[in-house]
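Here is the structure we will look at.
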Amino acid sequence: MTEARDTEAGFAAPQSIATGRLSEKSGLVFRSNAAVASGNGESFDEDPSTKIAATVVDLNDDDSKEEENDPITLPESTHTLLFTEPITSISFCWAFVIAAGSFLCLILALLDNPWGNFQNNIPANVNPPVRFAQYCSIFIALLMEEEIPTALYLLRRIPQQYFNSKFPDLVYSKFVCSCVIRILSGYLFLLNVLLILVQSSGVLDIFYDVLALQFLQQLDDIAFSLARMSVMSKRMKDATNRKYFQIEFNKSKFGQGRKLSIFLKGIYFINMFGLLAGMIVVTLRQKAGHYTCSEITAKLPDMLWENGVVRLPGGGYEEMILNYPYFNGVYRQEGSHDRRPVYVEQNKFDGTPFDTEAPLPELQVKLGAKFMYCESLKAWVFTHEYVRKSKHDDSDCPWLLRSEETDVYDIEDVEGDWQIWAGVISNTKVQITCNECDNDADCNLNGECQKDGTCKCFDNIDGVSFLGPHCEVRLRDECRTIVGESYNETLTVMEEPWAGSLGLLQSYNRPQYLYTGGIPGLNASDLVLLYYSGNRWFGGFFEGGQVLFSEEYKQLYSFVMNNYHSFWDRAYKTSTVFVSDITTGDTPVGVDFNWIGERGEQYGPFGVLYPWANETGRGYFRCSDPVSNSTSNTGRHLMKEGGFFEKYPHLLRHQMKKT
């Protein structure tokens, strides 16, 4: 536009909101007293230095008298048309459409957030550049957001009596509604900004999204400019050049009270403190691991390290067979390392911490393995304080499993293969599952998701009970007692009042079975247990072990059951006399079993394994349902001439007594 046109329309050259100054986009213009005195009240001083000096609006409490007395004009925005134009006019309808469109876009942006699961959309943590960008964007957004300070400034400077004296043909309530629309638009903008910042994990994402929101908030200014340039229609252009935009408001005797004035100015700083408070809360929660899974279940690969190097707590080293699935189970978040959570192994009984004190000095207190992040390797690792790759492994991060290089803060976000140490390095898969639930589907529909994010598994629903963090293990009532194929020997699940979930003694989320009879020649004082070890069922024989169930050994019995660990208790080496094939089955039913024969360097890591059946897949145990409660073809097959027990009659009693 030409200079003459600017003067006629009442245009000014407003500045940005830096340090509390209203920007050009707000459309709020005002003139200094000097400019008014030198002119006729209808035009502005066009000297640039004068305009810059004249467009300073200090929102601090210590406003100078000169600035308070500076005259202002109405903002050049379609929001102003909402009270200067008749409701039935095209210009009013245009202004209403622009305001509604801006609101609709901001609301859609707000609704696009996952409100039902918002916490899970916040990253576990962010790197320092992103954190710096988040806090910088708060101040940038406050500087860019002009609707709230513009509306509050208008309400402070133009009370009702003063408005009516200047515009007797206009309605003050419509003016107030226009200001309220500005305020609501501003808070929608700020709320969207805060939600974007707390969910962002990239610097460019932050700046792009904030700029996009700012564009939505400026639609009223853009539409007003287009209308004034005759892009719309002549009536729209006339509406933007009416006398209302030229009338000035000076310091009025009807001005607002000082307390209200201070409150209106303080809103700006309240907004700033509110955004900062929200961002600080999220930051502290991220550092505390609040947005990462508090408990996970790890399933390690079915791999063996035959010469595992164990550094004994009292000094020295020992070689042990490390079967990685021994460390399957629950890991709970305890502390952090390199700005990421550390997950510590829990006991195999009920997923709670191992006891820190033993009832007898000779009993070992277990120390759990860990999943943690190592900055030196730029990878997540599985490690144990007492296990090393070699006697000379003194690294600050003695890993046994490590992920590919990554900078993710949540272990669930780790992608790709892991590397495993089993004497040599090879690639493998590690399965990590969060134990928290959001709905019943996360409990496999076999339990109810509680408010604390844990699954409460169903007990005896249609004859089935469920175990495990996600109620993934099914225990049918008829399988609480299982029967062997050879002697119809019976084993029954072990139940104790103090056993927690369903009152069952468990290991690795599977029920433990106690031998109750059927094998000829086995002493009544001997104890035979069948328990899961992470990927196989172990059959343990303990001569005279029934004494553990006496009142005298109750404390010892409870400690042993609560703190059982297949690796640290050397279960396979000392007490196991038969073992299943690798399985993830819920019970021993349908699984092939083997007697353990000779052991030593000549043989495999599990010794010589003698299958209980000549055919793979025959299984050995069955549930004690009435239909199959008789000796099956498999049992007769094993006992017939030339069958398994005909060939190896010494193994049953000999191996148990040998142990």
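With a sphere of radius 13 Å drawn around the Cβ of Thr616, what net charge do the other residues whose Cβ falls strictly inside it have (Lys, Arg +1; Asp, Glu -1)? Mind dumping the intermediate values first?
Values: positive: Arg618; negative: Asp581, Asp592, Glu615.
Local charge sum for Thr616: -2.
Short to long, the 5 Å bins of the Cα pair-distance histogram for segment 308-360 hold 4, 15, 13, 18, 26, 19, 3, 0 percent of all pairs.
Counting only protein heavy atoms and a probe of 1.4 Å, the accessible surface of segment 574-622 is 48% carbon and sulfur. Cross-linked pairs Lys299/Lys573; Lys299/Lys389; Lys389/Lys554; Lys378/Lys456; Lys299/Lys366: Cα-Cα separations exceed 27 Å for Lys389/Lys554; Lys378/Lys456.
Quick check for you: with a 1.4 Å probe and neighbouring chains kept, what is the accessible area per residue of segment 546-595, in Å²?
Details: 2080 Å² over 50 residues.
Value returned for segment 546-595: 42 Å² of accessible area per residue.
Computed over protein heavy atoms with a 1.4 Å probe, the carbon and sulfur contribution to the accessible area of segment 122-230 reaches 73%.
Mind listing which GluC sites (Glu not before Pro) in segment 325-395 are in a DSSP loop and have 11 or fewer other Cβ atoms within 10 Å? Working shown, then result.
Details: sites: Glu334, Glu345, Glu357, Glu362, Glu375, Glu385; in loops: Glu357, Glu362, Glu375, Glu385.
When the GluC sites (Glu not before Pro) of segment 325-395 are filtered for loop state and at most 11 Cβ neighbours within 10 Å, Glu357, Glu362 remain.
Note on segment 100-140 and segment 502-524: Cα centroid distance 55 Å, given to the nearest whole angstrom. Per residue, segment 57-208 exposes 42 Å² of solvent-accessible protein surface, assessed with a 1.4 angstrom probe and all protein chains in place.
Within segment 460-511, list the chymotrypsin sites (Phe, Trp or Tyr not before Pro) lying in a DSSP loop whose Cβ has at most 10 other Cβ atoms in a 10 Å radius. Don't skip to the answer; put the middle values down first.
Details: sites: Phe466, Tyr487, Trp498, Tyr508; in loops: Tyr487, Trp498, Tyr508.
Of the chymotrypsin sites (Phe, Trp or Tyr not before Pro), the ones in loops of segment 460-511 whose Cβ has at most 10 other Cβ atoms within 10 Å are Trp498.
Divided by 2.2 N^0.38 Å, where N counts the residues, the Cα radius of gyration of segment 312-412 comes to 1.15.
To the nearest 0.05, how large is the calculated FRET efficiency for Asn250 and Arg131 if R₀ is 41 Å and r is the Cβ-Cβ distance?
Values: r = 47 Å, r/R0 = 1.15.
In this case the efficiency is close to 0.30.
Among the chymotrypsin sites (Phe, Trp or Tyr not before Pro) within segment 165-257, those in coil by DSSP and having at most 15 neighbouring Cβ atoms inside 10 Å are Phe254.
If a/c stays under 1.5 just call it rounded; otherwise compare a/b with b/c (prolate if a/b is bigger, oblate if not). Do that for segment 396-519, with a ≥ b ≥ c from the square roots of the Cα gyration tensor eigenvalues. Since a/c reaches 1.5 but b/c is at least a/b, the shape of segment 396-519 is classed as oblate.
For segment 544-622 and segment 170-206, what is the separation of their C-alpha centers, rounded to whole Å? Computed from Cα coordinates, the inter-centre distance equals 65 Å.
Lysine pair count for segment 126-270 with Cα-Cα distance under 18 Å and sequence separation of 8 or more or different chains is 8. FRET efficiency for Lys174 and Glu318, Cβ-Cβ distance as r, R0 = 60 Å, nearest 0.05? With R0 = 60 Å, the Cβ-Cβ based efficiency is 0.10. Stretching Thr492 away from Asp238 to a fully extended chain increases their span by 82.2 nm, per 0.36 nm per residue minus the current alpha-carbon distance.
Taking the Cβ-Cβ separation of Asp355 and Ile280 as r and a Förster radius of 45 Å, what is the calculated FRET efficiency to the nearest 0.05? It would help to have the intermediate numbers written out before the result.
Details: r = 39 Å, r/R0 = 0.86.
The pair Asp355/Ile280 has a calculated efficiency of 0.70.
The values are calculated or read from the model by the stated rules, or taken from the named source; none is laboratory data. Being a predicted model, the structure only gives us computed values, none of them experimental. Cβ coordinates were reconstructed from backbone atoms using ideal geometry, including for glycine residues, and neighbour counts include every protein chain displayed. Heavy atoms of the whole protein, side chains included, go into the accessibility calculation; ligands, DNA and RNA do not. Shrake-Rupley method; radii C 1.70, N 1.55, O 1.52, S 1.80 Å.
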